[in-house]
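Quick note: the coordinates plus some simple rules give every number you see, no bench work behind them. From a predicted model like this one, the values you see are computed outputs, not experimental measurements. Here the Cβ positions follow ideal geometry from the backbone for every residue, glycine too, while neighbour counts run over all protein chains shown.
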Amino acid sequence: MARIAVGLEYQGSAYAGWQVQPAAPSIQAVTERALGRIAAMPVALVCAGRTDAGVHALNQVAHFDTPALRSLRSWVLGANSELPADVTLTWARPVPPHFHARFSAEARIYRYLILNRTARSALHAQRATWIHRPLDTGAMAQAAGLLTGEHDFSAFRAAGCQARSPVRRLTHLGVVRRGDWVVIEAQANAFLHHMVRNLAGLLIRVGKQDAPPEWAREVLEGRDRTRSAPTAPAAGLYLAGVRYPPAFGLPSRPPEGLLPADRL
């Protein structure tokens with residue numbers, strides 16, 4: 001029995017998220033079906049992070065066990081011949097039996113993409129969040145700096161979050177502007193349900209100058225979700241990459257580009 005790790009890129013607009021749903025399309029279902037056809041037997045995938053409905057991925061990582069003998073090239077090309085156009089297998093690697101896509105991960109990187117201009121986009125409506133009011137990215141970056149570190153992120157978790165502890169170690173939260181595009185990047189050991197979208201919602205409110213940067217610390221320390229900003233839309237969120245120990249030899253670095261000109 002071999003264990004294979006795979007990288008996935010997908011546009012999540014047409015899906016109910018990663019996880020198999022009884023009456024809705026999911027990334028997991030279409031990918032397991034495609035890999036199962038190449039293996040000539042059922043395949044069960046375990047992913048690094050279960051993305052929600054409408055959320056995208058640049059480098060989702062998953063693993064599966066199979067007795068089927070196929071070349072790595074065959075797994076990639078074969079699966080892609082069976083997958084819909086909005087889901088792509090980008091790589092496949094053999095991994096040892098103790099590798100686990102979720103529990104072996106050291107960090108996860110998410111990016112949130114905002115189109116900040118007066119006119120909405122006809123091309124990227126489902127792949128970015130549009131905000132017509134000018135955003136002060138300097139203030140957003142200042143607020144982001146107040147949220148990094150190990151904290152109780154209760155103010156940034158969804159009401160239905162099932163995590164046992166709200167404590168997470170947010171090692172990076174950055175904000176950069178490139179022309180009309182604003183990118184928020186977050187890296188942590190793990191994230192709570194809706195945590196990145198809730199962080200983005202707060203930073204957007206600060207960027208609109210509806211709240212000062214110092215409000216971020218007040219919300220964090222208050223640990224009350226109802227006193228924070230609304231959850232940012234799913235369309236702007238991307239699972240950019242998952243970092244593993246170097247011994248596994250996986251392409252853990254997220255792609256450098258994210259903007260329409262170089263990635264989308």
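General remarks:
- Computed label-point distance, nm, for sites Arg227 and Lys208 using a 7 Å Cα→Cβ extension: 2.1 nm
- Summed side-chain charge close to Arg3 - residues other than Arg3 whose Cβ falls under 15 Å, Lys, Arg +1, Asp, Glu -1: +2
- Estimated distance in nm for a label pair at Arg73 and Asp136, the labels positioned 7 Å out from Cα along Cα-to-Cβ: 5.6 nm
- Matching label, Rg and Dmax of the Cα atoms in Å computed from the structure shown, candidates (i) 16.7, 49; (ii) 18.8, 58; (iii) 19.2, 64: (ii)
- Theoretical ellipticity at 222 nm over the chain - DSSP helices of four or more residues, -39500 (n - 2.57) apiece, nearest 500: -6000 deg cm²/dmol
- Temperature 25 °C, viscosity 0.890 mPa s: under these conditions the Stokes-Einstein estimate for the stretch 107-239, based on its Kirkwood radius over C-alpha pairs, is 168 µm² per second.
- Within the shell of other residues whose beta carbon sits under 15 angstrom from the beta carbon of Val43, the net charge comes to +1, with Lys and Arg scored +1 and Asp and Glu -1.
- Rounded, prolate or oblate (a/c below 1.5 giving rounded, otherwise prolate when a/b exceeds b/c) for the stretch 52-161 by Cα gyration tensor: oblate
- Spacing of the two label points (7 Å from each Cα toward its C-beta) at Leu123 and Gln19, in nm: 3.6 nm
- Computed packing ranks the peptides 203-213, 160-170 as 203-213, 160-170, most packed first, by mean other Cβ atoms within 10 Å.
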